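Structure first, then comments.
The values are calculated or read from the model by the stated rules, or taken from the named source; none is laboratory data. For clarity, every value in this text was computed on a predicted model and none was experimentally measured. Ideal geometry is used to build each Cβ from the backbone, glycine not excepted, and the neighbour counts take in all protein chains shown.
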């Protein structure tokens, strides 16, 4: 008979970052964040929590908080096979702590409204958001330089690009064109 290990929760440590990143990637998150930025993101988080089923990460959450008046729940993710077992609720409770004077906010998708409402959150029209811009040029440039090394391949692609209509709005094609015409 297999021994069932208890679910446990703890603060994320730098040794967890690679596994957390793999977990989040499997959940379809962090596609736009490189590894170095990801580590910096976790280092700069005031509060983190990892949910473990044995040694397997099945949940992760992080928050930013001034510990006086306001906190922001940045990410709460639970693996698909473990949803509905109270893991997300427990992680939120850990991240928020016990101070009732701190106002907590989160940005979330409509599909998760019910979950957040059960935890006492409510939709408000008082919150404003300024979306980030992602420097996709830097990411594309790194990818091109990393993945296209052989000079013969460079010549072939340069030749191909001469025959492709490069639209000004097509960032990938502009980057390829500029890279091969250096």
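Descriptive notes on the structure:
- Cβ-Cβ contacts under 7 Å between residues 6 or more apart (or on different chains), taken from a first residue in the stretch 28-42 that is at positive phi and assigned by TED's automatic domain parsing to the domain that holds residue 76 to a second residue that is surrounded by 12 or more Cβ atoms within 10 Å (Cβ to Cβ) and in a helix (DSSP H, G or I), are listed as 30/21; 30/24; 30/38.
- Hits in the stretch 67-84 (condition: in contact (Cβ under 8 Å) with a residue 12 or more places away in the chain and part of a loop (DSSP other than H, G, I, E, B)): 67, 68, 69, 79
- The number of residues in the stretch 72-87 that are within 17 Å of residue 45 (Cβ to Cβ) and touching a helix residue (DSSP H, G or I) at 6+ places or on another chain (Cβ under 7 Å) comes to 3.
- Identity of the residue in the stretch 96-111, more than 17 Å from residue 49 (Cβ to Cβ) and in a helix (DSSP H, G or I), that ends up modelled with the lowest pLDDT: 110
- Test: residue in the stretch 136-143 that is modelled with pLDDT of 60 or more and under 30 Å from residue 26 (Cβ atoms): no
- Condition met for residue 64 (buried (at least 18 other Cβ atoms within 10 Å of the Cβ) and free of Cβ contacts under 8 Å to residues at least 60 places away in the same chain): no
- Some residue of the stretch 102-124 being touching a residue at least 60 places away in the same chain (Cβ under 8 Å) and in contact with a strand residue (DSSP E or B) (Cβ under 8 Å, 6 or more places away or on another chain): no
- Residue match in the stretch 72-88 (condition: over 22 Å from residue 113 (Cα atoms) and either assigned by TED's automatic domain parsing to the domain that holds residue 114 or surrounded by fewer than 17 Cβ atoms within 10 Å (Cβ to Cβ) (or both)): no
- Checking the stated criteria, residue 3 turns out not to satisfy the condition of being modelled with pLDDT of 90 or more and outside any helix (DSSP H, G or I).
- Residue 125 assigned to a loop (DSSP other than H, G, I, E, B), more than 22 Å from the chain's Cα centre (by Cα) and either closer than 23 Å to residue 33 by Cβ or at pLDDT below 90 (or both): yes
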